[in-house]
Amino acid sequence: MLKLIASENFASSAVLEATGSIFANKYAEGYPGARYYAGNEIVDELETLAIERLKALFGSEHANVQPYSGSPANQAVYRALLSARDKVMGLPLPEGGHLTHGWPVNFSGTDYQRIPYGLHEKTKQIDYDRLRETARRERPKLIWVGGTAYPRVFDYAATAEIASEVNSYLVADIAHISGLIVAGVHPNPVHHCDVVTSTSHKSIRGPRGGFILSKNEDRYQALYHPTSKYNLARRIDRAVFPQLQGGPHVHTIAALAVALQEAATPSFRTYGHQIVRNAKALAEALLDRGYDLVTGGTDNHMLILDLRDRPLSGKAYAERLAKAGIITNFNMVPGDPRDPAVTSGIRLGSPAVTSMGMREREMVQIAAFIDLVCRQPDDEEVHASVRRDVADFCTAFDVPGISDR
Ligand SMILES: Cc1ncc(COP(=O)(O)O)c(C=O)c1O
């Protein structure tokens, strides 16, 4: 099987081992040095180690490693910074934003006023001029910068300038790209933002989980939180526990500490660079075969195939590709005429195949497999023969977490 889901990866066996370790047995409500359960001396050391590794990797003043995943991390940010019905600006889901950045069916869209900002009509990239205009008009209290299906670099300096102009918190969601940031192939938002959130299981190749980085002090404390006795870092911590969560998943924190050590090595830097080279090579090979890509290409680890002018939906193509052993997810494209449950796009990502050791040459072959299936989507013989070829093709590569056991 070829795993081309942009949000997935193969964690190392060391990370998986820590995830399944005896730390799963321990309750540790609270934070290092201030627990509500006894017997946490080693857990305190472990959580402090994960926090310090994160701070060092990203150059952050504060880190919280307890969020159960990316969505709870984002929920904690809302709790720490805003009151109900405050205005929140984010990239809408169909244009590449995440559910938690203000979407009607999500708490972020029902409990807060969502102010979407959009893409440039032609380039399909974030239109920072329009973002500024909307922010000046709406004066949101929080601006999200980040996304789940956005194949280009985010301009953190531009969004920081806009946020400061309108007294808004700026929060980067780096769930997808945290590994690329650590590897130095995507800019680091930490110095531009009040808060940064992430998952730990995508390009950074850690366990299923989340983390939050922040400044210690709140630059808008006097304006928005004049009666709070807690600074920004403490408010983030208190939002995670006790406001939203109970006991942290200590086994996940152990695995995160392992993953962060791996991410600090020169080989992870090489890995991050290869992720981007591979995504670009896959994009080029698909463009050569006549496919349309949202924004015309990629700067990061993902690409979005725009299939609006093809006979089937994104969902139908993803199902056909899966029959041929190519695992993707269907995804909305900007201006998508189809329902989110069907869509007109497919999102592809290079982190997992890069973890297997594949390089540009293999991306050209993967594009050929995809093309074969998409040209004859209903030919079961094609599915079966591509599936066999994919299986053969994959045998030359190791799968971290499986081959290295
Ligand atoms: C940008 C972004 N933020 C947050 C999340 C939420 O993470 P989780 O699924 O772990 O809750 C995702 C997940 O895909 C994401 O892409």
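In table form, for the structure just shown:
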| quantity | calculated |
| --- | --- |
| Filter result for Arg53 (of a type in the set (Lys, Arg) and under 19 Å from Ser214 (Cβ atoms)) | yes |
| Test set (1) in a loop (DSSP other than H, G, I, E, B); (2) over 16 Å from Ala73 (Cα atoms); (3) more than 12 Å from the ligand (Cβ to nearest atom) - Gly179 fails condition number | (1) |
| Unique residue being outside the structural domain of Arg277 (by TED's automatic domain parsing), among the β-branched types (Val, Ile, Thr) and away from the ligand (no atom under 16 Å from the Cβ) when the list is Thr159, Thr227 | Thr227 |
| Those residues of region 118-147 which are open to solvent by less than 30 Å² (accessible area, probe 1.4 Å), among the hydroxyl-bearing types (Ser, Thr, Tyr) and in contact (Cβ under 8 Å) with a residue 60 or more places away in the chain, in sequence order | none |
| Failed condition for Pro377, given (1) open to solvent by 30 Å² or more (accessible area, probe 1.4 Å); (2) assigned to a loop (DSSP other than H, G, I, E, B); (3) at pLDDT 95 or above | (1) |
| Answer from Gly357, Gly335, Gly401 - the residue that is assigned to a loop (DSSP other than H, G, I, E, B), modelled with pLDDT of 95 or more and not assigned by TED's automatic domain parsing to the domain that holds Val15 | Gly357 |
| Test: residue in region 95-113 that is touching a His at 6+ places or on another chain (Cβ under 6 Å), within 13 Å of the ligand (Cβ to nearest atom) and either at pLDDT below 95 or more than 24 Å from His249 (Cα to Cα) (or both) | no |
| Close pairs from region 93-104: first without any contact (Cβ under 8 Å) to a residue 24 or more places away in the chain, partner crowded, with 22+ Cβ neighbours inside 10 Å, Cβ under 8 Å, at least 6 apart | Trp103/Leu93; Trp103/Gly97 |
| From Tyr31, Tyr37, residue being more than 17 Å from Asp194 (Cβ to Cβ), away from the ligand (no atom under 16 Å from the Cβ) and surrounded by fewer than 17 Cβ atoms within 10 Å (Cβ to Cβ) | Tyr37 |
| Of all residues making up region 71-105, the number that are more than 25 Å from His225 (Cα to Cα) and open to solvent by 10 Å² or more (accessible area, probe 1.4 Å) | 9 |
| The lone exception for Glu217 - which of (1) within 15 Å of the ligand (Cβ to nearest atom); (2) surrounded by fewer than 24 Cβ atoms within 10 Å (Cβ to Cβ) it fails | (1) |
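The values are calculated or read from the model by the stated rules, or taken from the named source; none is laboratory data. Quick caveat: nothing in here was measured; it's all calculated off a predicted structure. Neighbour counts are summed over all protein chains in view; Cβ atoms, including those assigned to glycine, are modelled from backbone coordinates with ideal geometry. Just the protein is used for accessible areas: all its heavy atoms, side chains included, with ligands, DNA and RNA removed. Shrake-Rupley method; radii C 1.70, N 1.55, O 1.52, S 1.80 Å.
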